[in-house]
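Step one of this worksheet: look at the structure below.
The values are calculated or read from the model by the stated rules, or taken from the named source; none is laboratory data. Everything quoted here is computed from the prediction, not taken from an experiment. As a convention, Cβ positions derive from the backbone with ideal geometry for all residues, glycine included, and neighbour counts pool all protein chains shown.
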Amino acid sequence: MIRMNAKFLILFSLPALAACASTTATRSPSLPAAPASPLQSVAGLDIVMGKTAGQLVRLFGKPQLDISEPPAQKLQFASGACILDAYLYPPENGGASRVTHIDARRSDGAAVDRVSCVNALRSR
């Protein structure tokens, strides 16, 4: 009988012990800020790098694709000459997401000079 009482005592004390456990909310680790891109200093890319989505739309028109994968956003612009993917991330201090990287290619996947692609998209 004593053994049975000990089992019940342990069984019924578990919820009470669980209530004593720390209920401090755990914070998910923040994502690291995107490092400064070496593309920032490339002549001809300054009209794209660091720009917001709205500024890109004013520059190139409506994007062909707008993909959101928080915290990132990818906008894709295309012309007969090339496809430009612009990757936007929020700045470390908050505010609107801005272009931190771009990729350019032809429709067959072959690499294209980024500056040439930006210029081709602007002139359409």
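Scan (1) in a helix (DSSP H, G or I); (2) surrounded by 19 or more Cβ atoms within 10 Å (Cβ to Cβ) for the single condition VAL99 breaks and write down its number.
All conditions are met except number (1).
Does ILE47 meet the test of being in a strand (DSSP E or B), surrounded by fewer than 18 Cβ atoms within 10 Å (Cβ to Cβ) and hydrophobic (A, V, I, L, M, F, W, C)?
Values: in a strand (DSSP E or B): no; surrounded by fewer than 18 Cβ atoms within 10 Å (Cβ to Cβ): yes; hydrophobic (A, V, I, L, M, F, W, C): yes.
So ILE47 fails the test.
Applying the selection to region 50-60, what residues are assigned to a loop (DSSP other than H, G, I, E, B) and either without any contact (Cβ under 8 Å) to a residue 40 or more places away in the chain or of a type in the set (Lys, Arg) (or both)?
LYS51
Testing ASP108 on (1) at pLDDT below 95; (2) assigned to a loop (DSSP other than H, G, I, E, B), one condition comes back false. Which one is that?
(1)
Kindly provide the set of residues from region 70-96 that are buried (at least 16 other Cβ atoms within 10 Å of the Cβ) and among the aliphatic types (A, V, I, L, M), ordered by number.
Within region 70-96, ALA72, LEU75, ALA78, ALA81, ILE83, LEU84, ALA86, LEU88 qualify.
Give the residue that is farthest from LYS51 (Cα to Cα), with candidates limited to residues of region 80-95 that are part of a loop (DSSP other than H, G, I, E, B) and modelled with pLDDT of 95 or more. Talk me through it step by step, then tell me what you get.
If we filter region 80-95 for residues that are part of a loop (DSSP other than H, G, I, E, B), which is where we start, we get 80-82, 90-95.
Retained after the next criterion (residues that are modelled with pLDDT of 95 or more): 82, 90.
Values: CYS82: 20, PRO90: 11 Å.
Checking each candidate, the answer is CYS82.
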